Each structure stands twice: as C-alpha cells, then as structure tokens.
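Have a look at the structure below, then the notes.
The values are calculated or read from the model by the stated rules, or taken from the named source; none is laboratory data. Only a predicted model underlies this, so the values are computations on that prediction, with no experimental measurement involved. Here the Cβ is made from the backbone with ideal geometry for all residues, glycine too, and neighbour counts use every protein chain on show.
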Amino acid sequence: MHSIYSPDSHATMDEMCEAAIDAGLQGICFTEHVDLDPHYYSYGSYDYAKIMKDAARCKEKYGDRLIVRSGVEITYLTDYADDVRRFLDEHQFDYVLGSIHLIDHIFVGSEEHFIGKTEQEAYEPYWQEMIAMMESGLIKRVGHMDYIKNNRPKEYGPFQLERWENYITDILHLIVENEATLEVNTSAIRRGFSEPYPSWEILELYKAVGGRRVTIGSDAHRPSDVGRHFSDVSKHLDQMGLVVCGEEIFCCRV
Ligand SMILES: [Zn+2]
C-alpha cells in the first residue's frame, strides 16, 4: 500500500495503519513509489530518510496490533536499469516490488499510452519490458502484471490471452526460475474489473508453469481501500491451489 510519501496518495501512514487494523489485517507493507525516469512527474519525489523514520515510528506505535513493513514499488525501466540497480544497492528495504509503469516515458495505465497505436504496438513493448525486468535479476516481486489492461481501447476488442501467450508464458517461466513471486493486486476490482491483476487465466498459466507462491496487495492509496477484496480473492486463490505467502513480506527481509 501507499501513503502520503507516494505522489498519488494523500493518506498518512497512521491513517493507513489504523484502516488495516480496522480491516482485521495482521500486517501491512508500505510500498512507496520510486520513479527514476527524469521525464516522469514523480521523479525525485522519494525521500528515503523521511519515509523510513515515519515507518519506524509506525512500527513502534502499532507494533502490538499490526506488523508494519516498509518497502518500495520501484518502476523498472530498461533505459534506467543502472539507476534502478544503484538505488536498490544503496538502500535497505523490508520488501521490493517491481512494476512496469512507463513505456517511452508515458504511463501505461493512461489512455495516452494507446493513442495512435495498434494492440501490437501498445502491448508488445510492455511485455518485453517485463521480460527485461525479470532478466535483469533486480526484481523478485512482480507488481500488477497485466496492469496494461486499464484503458484498453474498445477497438482492440476483448483481450485474448492466446495472442500474448508466448510473452506471458516467458515472463511466468522467468518468475518461477528466479524463485520470484507474483503479486495478486486487488485494485483492479475496485477499478471495475471482475478479477485482479493479473487475471485468473494468467494465474492459471502461472500454476501450469510451476508457480505456487503469490502475495496479495490492495495497492491502497487511501484508507477505505486497505485490504479491499482480500477475502473473495484469497478464497479463489485457495481453490486454485495458489499459496498466499505472508512470510514473503513479514518474516524475512527480501
Ligand atoms: Zn503500480
């Protein structure tokens, strides 16, 4: 989840911790945005010392009721892979989530990304960037894998897995081979989708290539979204035979 230390959230860490306690969660992890593309608006917004200090205060304040961890959601970009590496080398986190947010400096979750592009032109670089992220060895926890489904233009018709199955299977294989973990992100459901990121069919494919472990995140940017849709999504994952690994975040440093 995010807090005021991410440019797209106004919630204090205290508000998010209290919402998690009210939602009956045992633990949470802050994953504040880190964007290292200087062309993007949130570049330079990350303040490690300030965030860690506030997170440490929350760990102390809520420690008897809630496990609080402090991590990052870093945008992986091939063009800035050296900066990503340096940033991760120079800082210590409880948890590092890697996501693809930008293609050619444009947010893939925006309509702008699709303007004047065929499905091939819009989707292919996204999957290629995700393969590059896994091949870089920098990221072991993969955020909202099919995030690109936001704002998919109507002209493309319904998403057809078969069309992208080779890329998606390659990514999932890399996740399994690298002993990485896929995040199941329930924020897709509050954005109007009937399933999380990634979709159930991608999660089935993950299982088919030997994947077992997932983490669950609500990607909350405000208190009312903390832990939303966890119970129904967890049940579905359980039925599929996928294991939600709390210990990925709460027991060991990754
Ligand atoms: Zn994200």
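Structure summary
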item	result
Subset of the stretch 191-224 [free of Cβ contacts under 8 Å to residues at least 12 places away in the same chain and either hydrophobic (A, V, I, L, M, F, W, C) or within 16 Å of the ligand (Cβ to nearest atom) (or both)]	Ala208
Any hit, the stretch 84-93, residues being in contact with a helix residue (DSSP H, G or I) (Cβ under 6 Å, 6 or more places away or on another chain) and within 28 Å of Ala180 (Cα to Cα)	yes
Residues of the stretch 44-94 classified as touching a residue at least 24 places away in the same chain (Cβ under 8 Å), farther than 18 Å from Ser136 by Cα and among the small types (Gly, Ala, Ser), total	4
Among (1) within 14 Å of Ser6 (Cβ to Cβ); (2) within 16 Å of the ligand (Cβ to nearest atom), the one test that Tyr126 misses	(1)
So Glu155, is it touching a strand residue (DSSP E or B) at 6+ places or on another chain (Cβ under 6 Å) and in a helix (DSSP H, G or I)	no
Residue tally, condition aliphatic (A, V, I, L, M) and buried (at least 20 other Cβ atoms within 10 Å of the Cβ), over the stretch 29-49	2
For Gln26: the one exception among (1) over 18 Å from the mean Cα position of the chain (by Cα); (2) surrounded by 17 or more Cβ atoms within 10 Å (Cβ to Cβ)	(2)
From Ile115, Ile131, Ile106, Ile100, residue being within 13 Å of the ligand (Cβ to nearest atom) and either modelled with pLDDT of 95 or more or buried (at least 23 other Cβ atoms within 10 Å of the Cβ) (or both)	Ile100
Subset of the stretch 1-53 that is of a type in the set (Gly, Ala, Ser) and part of a helix (DSSP H, G or I) - its residue that is farthest from the ligand (Cβ to nearest atom)	Ala49
Unmet requirement for Gly143, which otherwise passes all of (1) surrounded by fewer than 20 Cβ atoms within 10 Å (Cβ to Cβ); (2) at pLDDT 95 or above	(1)
Any hit, the stretch 192-203, residues being in contact with a His (Cβ under 8 Å, 6 or more places away or on another chain), part of a loop (DSSP other than H, G, I, E, B) and of a type in the set (Ser, Thr, Tyr)	no
Complete set of residues in the stretch 172-190 that are within 16 Å of the ligand (Cβ to nearest atom) and either part of a helix (DSSP H, G or I) or farther than 19 Å from Ser234 by Cβ (or both)	Ser187, Ala188, Ile189, Arg190
Residue ID - nearest to the ligand (Cβ to nearest atom), chosen from residues in the stretch 134-152 that are out of contact with any strand residue (DSSP E or B) (no Cβ under 7 Å at 6 or more places or on another chain) and assigned to a helix (DSSP H, G or I)	Ile148
Residue in the stretch 81-93 that is within 30 Å of Lys154 (Cα to Cα) and within 18 Å of the chain's Cα centre (by Cα) present	no
Test: residue in the stretch 63-86 that is assigned to a helix (DSSP H, G or I), closer than 25 Å to Thr12 by Cα, more than 14 Å from the ligand (Cβ to nearest atom) and of a type in the set (Gly, Ala, Ser)	no
